[in-house]
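J.: Sharing a structure below in structure tokens format, with a few things to ask.
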Amino acid sequence: DTGVSQDPRHKITKRGQNVTFRCDPISEHNRLYWYRQTLGQGPEFLTYFQNEAQLEKSRLLSDRFSAERPKGSFSTLEIQRTEQGDSAMYLCASRDAGGVMGTEAFFGQGTRLTVV
Amino acid sequence: KNQVEQSPQSLIILEGKNCTLQCNYTVSPFSNLRWYKQDTGRGPVSLTIMTFSENTKSNGRYTATLDADTKQSSLHITASQLSDSASYICVVLREAAGNKLTFGGGTRVLVKP
């Protein structure tokens, strides 16, 4: 499978615990995005990377959230001291930003987080 | 403010019928507009992508239109099938620092037999 893959698909955690999600983008894609989607809503931008550099973070990304892309390949999103409001689908997308228009953004299947 | 608004929020149609979904955006500067289909519990999958110079683009029974002057787009589904039941999300790529994708809230379509 050469698409975007996310792990785990589902995560249930107790409030206050830390969780970490992983995203493996399409290998030649230099841009990697993280989005959060709550039920019935469209995805909301969290952060994005150009290779290993984190270029933008949303105000939604509180200090409990941290994302890394250490070698410009896979990325991790960590949430510390989870709260019930963190329950959502966390989507990762990647694209090749080169060229005049760049290319299509491809999404992973998402990680559904439930904080109990 | 860079926003993407979609309407209706949801609709129910009978199998075989057509429907049209609307998208209005204020994102600037505009780069391109995409329509995605998202099945429940899955990631979005691209249907079409259009630049400001394209007025219409088709992908099977899906036809998207774009009016860059009025900043409106529509997605027309022809001869709907049960498998068309999903959320359809309008996404605009902003040609600015970040080239961030701005998502609409989606339209949830339910096709009934």
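Read-outs throughout are calculated quantities, based only on the coordinates presented, and are distinct from any laboratory measurement. Worth saying up front: this structure is predicted, and the values here are computed from it rather than measured. Here the Cβ is made from the backbone with ideal geometry for all residues, glycine too, and neighbour counts use every protein chain on show.
J.: Please give every one of the aspartates and glutamates within straight-line cross-link reach of B:K17, meaning a C-alpha to C-alpha distance under 15 Å, and leave out same-chain neighbours fewer than 8 residues apart.
T.: Result set, ordered by chain and number: B:D84.
J.: Let me ask something else. Can you work out ³J(HN,Hα) from phi for every residue in the range A:33-42, in order, using Karplus 6.51 cos²θ - 1.76 cosθ + 1.60 and θ = phi - 60°, giving whole Hz and x for Gly and Pro?
T.: Here the 3J(HN,Hα) series is 10, 10, 10, 10, 10, 9, 4, x, 10, x Hz.
J.: Could you give the distance between the Cα centres of the range A:26-43 and the range A:45-116, to the whole Å?
T.: Going from one Cα centre to the other spans 6 Å.
J.: Counting only other chains, what is the mean number of Cβ atoms within 10 angstrom of the Cβ of each residue in peptide B:23-29?
T.: Numbers: counts 0, 0, 0, 0, 0, 0, 0.
Neighbouring Cβ atoms belonging to other protein chains average 0 per residue here.
J.: Please give the FRET efficiency for A:Q84 paired with B:S10, using the beta carbon to beta carbon distance and R0 = 22 Å, rounded to the nearest 0.05.
T.: Working: r = 26 Å, r/R0 = 1.17.
The computed FRET efficiency comes out at 0.30.
J.: Going by the alpha-carbon gyration tensor, a ≥ b ≥ c the square roots of its eigenvalues, is the range B:36-107 rounded (a/c under 1.5) or, if a/c is not under 1.5, prolate (a/b greater than b/c) versus oblate?
T.: Details: a/c = 2.35, a/b = 1.30, b/c = 1.80.
Oblate is the answer for the range B:36-107, as a/c is 1.5 or above yet b/c matches or exceeds a/b.
J.: With θ taken as phi - 60° and the coefficients 6.51, -1.76 and 1.60, list the Karplus ³J(HN,Hα) couplings across the range B:10-22 in order, rounded to whole Hz; mark glycine and proline as x.
T.: Result, ordered by residue: 7, 7, 10, 10, 7, 3, x, 7, 9, 8, 10, 10, 10 Hz.
J.: Give the cysteines in the protein assembly as shown for which no other Cys Cβ lies under 4.7 Å away, or write none if there are none.
T.: Cys with no partner Cβ under 4.7 Å: B:C19.
J.: Indicate the gyration tensor shape class of the range A:3-46 (rounded, prolate or oblate), computed on the Cα atoms with a ≥ b ≥ c the square roots of the eigenvalues: a/c under 1.5 is rounded; otherwise a/b larger than b/c is prolate and the rest oblate.
T.: On the way: a/c = 2.25, a/b = 1.42, b/c = 1.59.
Note, shape of the range A:3-46 comes out oblate.
J.: Quick query: amide H of B:S80 versus all other amide H atoms, modeled in the peptide plane; which residues come in under 5 Å with a sequence gap of 5 or more or a different chain?
T.: B:G16, B:K17, B:N18
J.: Over the protein assembly as shown, what portion of Cα pair distances is larger than 31 Å, expressed as a whole percent? Present the calculation step by step, with values, prior to reporting the outcome.
T.: Details: 5508 of 26106 pairs.
Of all Cα-Cα pairs in the protein assembly as shown, 21 percent lie more than 31 Å apart.
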